[in-house]
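The structure appears right after this line, and notes come after that.
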Amino acid sequence: MAYNLLKGKKGIIFGALDSNSIAWKTAERVHEEGGTFVLTNAPIAMRMGQINELAEKTGSQIVPADATSTEDLDNLVSQSMEILGGKIDFVLHSIGMSINVRKGRAYTDQNYDFSHKGWDVSALSFHRVMQSLFKADAMKEWGSIVALTYMAAQRSFPDYNDMADNKAYLESVARSFGYFYGKEKKVRVNTISQSPTPTTAGQGVKGFDGFISYAEQMSPLGNATALECADYTLTLFSDLTKKVTMQNLFHDGGFSNTGVSKEVMEKFV
Ligand SMILES: NC(=O)c1ccc[n+]([C@@H]2O[C@H](COP(=O)([O-])OP(=O)(O)OC[C@H]3O[C@@H](n4cnc5c(N)ncnc54)[C@H](O)[C@@H]3O)[C@@H](O)[C@H]2O)c1
């Protein structure tokens, strides 16, 4: 069902790799709600993914940008303003990657070059994106910026590895930049803490299949899907949430506030 919630709004969507990506679903839903946007991803991901198909479907243009490159991001921001014909209402940061996870390095045996790269891609990139937008004065008043995160920022999930630290940093950047963006430009900045979701990034985490079933049984409403995450993101892009900022918002079917569920308890009796 569409409500025209984003009619006339313009944005930038990072991170649509394939049809499982949370950013992909968000792009489709933003399009249905009347928003227009530029799609972007790392140049290397463009070759692997199917972003052209999404661009065609949503009538969008693609501007490649490596989120660790300030030059790429500055170029993305100026090109997006040209393509969209003015300032931007919404931005989705949906980017994550850990080489330690990919290479199976234990948390107690990190390769710090890998850690550094993962932090740059997954966490510092959020600051970079906002700094590029801020310096170009690219955001419209009452605009909205959202990044995706995971609850391992607050609680220990051993196999989430160094991504836990990256997410803690990302959430902190949302609060810190959110202060300045709110004060100086009336722009809101939030993170959505999403349930485990079967995407390329999600499935890269060791033990993902067991973990997603565990989370499903621990959450009174069940895990939130990528499409449901897209829907929640739309509300934050809409004018219905103008005073929500500097928040980490759990979108996890109640998992984060559940001590134990009946289903999980039953496995121990
Ligand atoms: N899948 C889950 O279980 C889950 C749960 C909570 C939060 N998240 C977060 O959601 C976000 C989106 O991930 P997803 O699950 O849709 O997986 P995904 O693999 O579809 O998306 C990750 C994206 O990051 C992009 N990326 C990687 N390096 C980049 C770079 N240098 N520059 C620009 N883009 C780059 C990839 O190309 C890809 O499009 C991530 O921040 C992830 O941590 C995912």
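The values are calculated or read from the model by the stated rules, or taken from the named source; none is laboratory data. Just so we're clear, the structure is a prediction, and the values are computed from it rather than from any experiment. Methodologically, a virtual Cβ is constructed for each residue, glycine included, from the backbone with ideal geometry; neighbour enumeration extends over all protein chains shown. Each accessible area value is taken on the protein alone, full model and side chains, heavy atoms only, with ligands, DNA and RNA left out. Shrake-Rupley method; radii C 1.70, N 1.55, O 1.52, S 1.80 Å.
Does T108 satisfy the criteria of being of a type in the set (S, T, Y), at pLDDT 95 or above, part of a loop (DSSP other than H, G, I, E, B) and loosely packed, with under 14 Cβ neighbours inside 10 Å? So T108 fits the description; yes.
Take S156 and decide whether it is away from the ligand (no atom under 12 Å from the Cβ), of a type outside the set (A, V, I, L, M) and within 30 Å of Q217 (Cα to Cα). Can you show your working first?
On the way: away from the ligand (no atom under 12 Å from the Cβ): yes; of a type outside the set (A, V, I, L, M): yes; within 30 Å of Q217 (Cα to Cα): yes.
Yes.
Looking only at residues in the stretch 6-27 that are open to solvent by 40 Å² or more (accessible area, probe 1.4 Å) and within 16 Å of the ligand (Cβ to nearest atom), the one that is farthest from I83 (Cα to Cα) is N20. Here I95 passes the criteria (1) more than 22 Å from M163 (Cβ to Cβ); (2) β-branched (V, I, T); (3) assigned to a loop (DSSP other than H, G, I, E, B) except the one numbered (1). Whenever a residue of the stretch 58-70 is surrounded by 19 or more Cβ atoms within 10 Å (Cβ to Cβ), its partners that are of a type in the set (V, I, T) and part of a loop (DSSP other than H, G, I, E, B), lying with C-beta atoms within less than 7 angstrom and at least six residues away or across chains, give the pairs A67/I95. Of the conditions (1) in contact with a Ser or Thr (Cβ under 7 Å, 6 or more places away or on another chain); (2) within 10 Å of the ligand (Cβ to nearest atom); (3) open to solvent by less than 20 Å² (accessible area, probe 1.4 Å), M97 fails just one. Which one is it? Against the list (1) in contact with a Ser or Thr (Cβ under 7 Å, 6 or more places away or on another chain); (2) within 10 Å of the ligand (Cβ to nearest atom); (3) open to solvent by less than 20 Å² (accessible area, probe 1.4 Å), M97 comes up short only on (3). Considering each residue of the stretch 145-152 in turn, at least one proves to be part of a helix (DSSP H, G or I) and within 17 Å of the chain's Cα centre (by Cα). Among the numbered criteria (1) within 8 Å of the ligand (Cβ to nearest atom); (2) assigned to a helix (DSSP H, G or I); (3) under 15 Å from the mean Cα position of the chain (by Cα), which single criterion is violated by A67? Going through the list (1) within 8 Å of the ligand (Cβ to nearest atom); (2) assigned to a helix (DSSP H, G or I); (3) under 15 Å from the mean Cα position of the chain (by Cα), A67 breaks only (2). Does R175 satisfy the criteria of being in contact (Cβ under 8 Å) with a residue 60 or more places away in the chain and either under 20 Å from C229 (Cα atoms) or away from the ligand (no atom under 16 Å from the Cβ) (or both)? For R175, the condition - in contact (Cβ under 8 Å) with a residue 60 or more places away in the chain and either under 20 Å from C229 (Cα atoms) or away from the ligand (no atom under 16 Å from the Cβ) (or both) - is met. When K140 is tested against (1) closer than 21 Å to A42 by Cβ; (2) touching a residue at least 24 places away in the same chain (Cβ under 8 Å), exactly one condition is not met: (1). Filter the stretch 174-207 down to the residues that are hydrophobic (A, V, I, L, M, F, W, C) and closer than 22 Å to T235 by Cβ, then identify the one that is surrounded by the most Cβ atoms within 10 Å (Cβ to Cβ). Ranking the candidates gives V189 first.
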